[in-house]
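First up is the structure itself, then whatever we jot down about it.
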Amino acid sequence: MAGITPFTYCHGESILHLLDVRCKFFMICLVSMSILSAHFLACFFYCLILLFFFKNSNFNILSTVNHIKYFILFLFFIFAARAITIKGDIIFSVYGLPITKQGLNQGFLVSFKFFLVMLTGMLFASTTKPACVKSAVQWFLKPIPFVPEKRVAIMISLSLGFMPIIAKQAKEISDAQKARCADLQKNPIKKIIRLISPLLKKTFLSAENLVFAMESRCYSDDRTDPEFTQSGKEIYFLIGSFLLAASLMAL
């Protein structure tokens, strides 16, 4: 089984790969909003569902988690901040900062929810082609007046396509700086500035080259409307997503 990286499509023939992109888009929006008010038992149940689809799509969950280790570190800071700032029954103190039972519970729950939403987004991105995401956004925005749905759709599609490129460029810059002993710098702010400055420059140059390439090919918004393929199981997934959303809000 292969691991998946954020915002990168992986070819496959699983249930999620064959599902209509409009159905997946609606499901991910519905579940992501429903999980905000969910408690731990409901989140744990949803985590089991995600693990099932990871296995069905032939993705390695451990390798996937390794790709988002920095995001997990960010979740740890959220957990620690909640544990310190939420008032309640004090369990112990660290350097004079009280750690409460209510803070630990809320910190873990909030971090767990962010983690589930991240896994959901990665599963969606890894089973859906960026062109299909563009088509779904265009389809959903088409009935809304005064909204240039084709332009918004291509902007979102290009943004998703740039994510793995930016991640790759960040790794190349980091490796180049480590080769020059930049990792010996102890000041974290200086390290971040030295990474972000060349990364922004590379990103803007890549975006400019893309604009020139699109203009040279006479790109315009007047293009043929997309065609959607259906697996025939969309109705079952829609019913299941409504039931799941109701369970997340009720439990």
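FYI, it's all coordinate maths here, none of it is from the lab. No experiment lies behind these values; they were computed from the predicted model shown. So basically every Cβ, Gly included, is an ideal-geometry build from the backbone, and we count neighbours across all protein chains shown.
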| task | Given the peptides 23-29, 94-100, arrange them by the average over their residues of other C-beta atoms within 10 Å, most packed first. | result | 23-29, 94-100
| field | Candidates Leu50, Leu160, Leu184, ranked by Gaussian network fluctuation over the chain, Cα under 10 Å, top entry | value | Leu184
| said: With a 10 Å cut-off between alpha carbons and a GNM built on the chain, which of Ile235, Ile15, Ile192 moves the most? | reply: Ile192
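Here are some pairs, Lys134/Lys190; Lys87/Lys190; Lys134/Lys202; Lys69/Lys150; Lys168/Lys233; Lys55/Lys201; which of them have Cα atoms lying more than 30 Å apart in this structure? Write down the numbers at each step before the final one.
On the way: Lys134/Lys190 38 Å; Lys87/Lys190 35 Å; Lys134/Lys202 25 Å; Lys69/Lys150 35 Å; Lys168/Lys233 36 Å; Lys55/Lys201 39 Å.
Violating the 30 Å limit, Cα to Cα: Lys134/Lys190; Lys87/Lys190; Lys69/Lys150; Lys168/Lys233; Lys55/Lys201.
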| Residues Ser159, Ser126, Ser34, sorted so that the one with the fewest Cβ neighbours within 10 Å comes first | Ser159, Ser34, Ser126
| Counting other C-beta atoms within 10 Å, which of His39, His67, His17, His11 has the fewest, and how do the rest follow? | His11, His39, His67, His17
| query | In the chain, which whole DSSP H runs stretch at least 15 Å along their own axis (Cα) and average 1.0 or higher on the Kyte-Doolittle scale? | reply | 21-34, 40-56, 69-85, 234-250
| said: Between the stretch 36-114 and the stretch 135-166, how far is it from one alpha carbon centroid to the other, in angstrom? | reply: 31
| task | Name the long-range amide H neighbours of Thr100: under 5 Å, sequence gap of 5 or more, or other chain; modelled H, no Pro or chain starts. | result | Ile91
| Leaving out same-chain residues fewer than 8 places away, which aspartates and glutamates sit with a Cα under 17 Å from that of Lys24? | Glu13, Glu227, Glu234
| said: Using only DSSP helix segments of four residues or longer, with each worth -39500 (n - 2.57), what per-residue ellipticity at 222 nm results for the chain after dividing by its residue count and rounding to 500? | reply: -23500 deg cm²/dmol
| message | Using Cα-Cα distances under 8 Å and only pairs 6 or more residues apart, what relative contact order does the chain have, in percent? | response | 32
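Computed over the Cα atoms of the stretch 149-220, what is the ratio Rg over Rh, Rh following Kirkwood? Provide the component values of the computation, followed by the final result.
Values: Rg = 15.9 Å, Rh = 14.1 Å.
Rounded to two decimals, Rg over Rh is 1.13.
Return Lys233, Lys171 ranked ascending by Cβ neighbour count within 10 Å, so the fewest neighbours appear first. Before the final figure, lay out each step's value.
Values: Lys233 14, Lys171 10.
Ascending Cβ contact count within 10 Å gives the list Lys171, Lys233.
Would you mind calculating the relative contact order of the stretch 8-136 from Cα pairs under 8 angstrom and at least 6 residues apart, reporting the percent as a whole number? Don't skip to the end; give the middle numbers.
Working: 115 pairs, mean separation 47.7, N = 129.
The value is 37 percent.
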| note | Sorted largest first, the Cα spans of the chain on the principal axes come out in Å as 64, 53, 42
